[in-house]
Amino acid sequence: MGQGSLFRIAGLNDDVTGVYLYALRTRSIRLEDAAEDLGMARADLKCAVEQLLELKLLRRGTETDSLLPVRPDIAAADFSAPVEERIHAQENQLRMLRAQMLSLLPVYEEQLTETGDRSAVEVFSDADEVRGLLRIAASECREEVVTVQPGGARNHRILAEALPRDIAMLERGVRMRVLYQHTARGDLATRSYVSKIVKCGAEVRTTGQIGERLIIFDRKIAFLPDRPHGDSPPGAAVVRERVVVAYLLRLLDQTWGDATPFDASDLGYQGTVEEVRRSILRLMARGLSDEAVARRMGMALRTCRRHIAAIMQDLGVNSRFQAGIVAQRRCLLDDVTDLGFTESGG
């Protein structure tokens with residue numbers, strides 16, 4: 001479209017943009033003149049003009065049938081004013097509604113105390129309710145949040161949902177520590193997320209194995225997973241007991257101190273391959289199958305088997321049984337007291 005393409009407005013077709021540019025050139029247009037000059041059918045011209053009038057990019061002049069162009073910034077302000085007013089009204093309504101609902105919180109807390117239903121550990125089976133509690137805890141967090149995430153690659157949708165919430169916490173000065181397994185390093189979405197939160201001040205590390213998910217806010221409230229039987233989505237146990245939360249933090253600090261800082265610019269398991277394979281060897285020594293080892297390590301079965309093959313090659317053995325003997329001789333399994341290597345890997 002030539003010069004007109006430089007002024008293309010998102011959502012406007014060539015006719016609408018062309019009429020607006022024509023109005024800028026002629027300063028004032030009439031439908032009869034514009035239809036002839038632009039070579040447009042009157043119906044198409046009328047449709048374009050109506051759209052420009054609706055967007056406030058044209059206004060009617062004092063003369064009959066006269067249309068004048070309007071500066072885009074002025075048109076944008078005029079067009080958006082009613083929308084902004086509605087948004088502000090909805091925000092005020094939302095604030096009032098939230099304040100009214102929160103006014104019932106003291107009554108709720110008092111009732112729980114009187115009936116003895118208030119517990120240091122509350123179990124919530126509804127996943128949506130758990131997500132709501134996590135959002136509230138995150139919004140109220142002021143000092144520190146610690147997250148432990150087992151498994152390998154994180155779900156990209158969960159990361160996209162968590163990113164603005166996490167950045168908001170970091171921007172208000174909350175210290176954030178995140179612990180992943182080494183296998184999370186190989187995932188592009190996870191590396192992207194880590195890069196963004198680290199730039200905002202978060203600390204991220206990885207370790208070989210992680211037992212369960214754990215989230216602690218302000219050293220006061222901990223979220224532990226509740227995994228029901230069947231296909232039901234997992235719930236959570238919310239722990240407010242000070243002694244229990246402090247104990248969980250001490251356990252975490254031990255693992256955190258030995259963990260490896262996560263440099264999102266590194267590709268794959270760079271710098272952690274040896275530890276990954278040592279963890280796999282420990283799990284093999286306990287008699288876990290390839291499938292179970294892969295689950296515990298948070299990696300694909302095929303990837304896990306490649307590591308197992310590399311371990312066998314490094315040890316110079318052909319079977320799990322031989323691997324157990326050689327690993328024990330080389331003191332590679334000092335922390336494993338029960339060697340359960342079998343030929344089948346079961």
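FYI, it's all coordinate maths here, none of it is from the lab. All values reported here derive from a predicted model rather than from experimental measurement. Counting neighbours? That spans all protein chains shown, and the Cβs are built from the backbone with ideal geometry, glycine included.
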For Ser319, the residues 5 or more places away or on another chain with a placed amide H closer than 5 Å to its own amide H are none
Within 10 Å of each candidate Cβ there may be at most 16 other Cβ atoms; applying that plus a DSSP loop requirement, which GluC sites (Glu not before Pro) in segment 181-252 survive? Glu212, Glu241
Dipole of segment 113-206, Cα-centred, from +1 at each Lys and Arg C-beta and -1 at each Asp and Glu C-beta, to the nearest 20 debye? 700 debye
Packing-based ranking, highest mean first, of 70-79, 178-187, 162-171 given that Cβ atoms within 10 Å are counted: 178-187, 162-171, 70-79
How many angstrom lie between the C-alpha centres of segment 23-41 and segment 175-211? 60 Å
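Mind ranking 137-143, 83-89 by how tightly packed they are, going by the mean number of other C-beta atoms within 10 angstrom, highest first? Write out the running numbers ahead of the final one.
On the way: 137-143: 14.4, 83-89: 10.0.
In descending order of packing, they fall as 137-143, 83-89.
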Furthest towards positive pole of dipole, Tyr193, Pro225, Ile215, structure part segment 175-242, Cβ charges: Tyr193
So how do 189-198, 32-41 stack up, highest first, on mean other-Cβ count within 10 Å? 189-198, 32-41
Segment 17-104 - Rg over Rh from alpha carbon coordinates, Kirkwood radius: 1.30
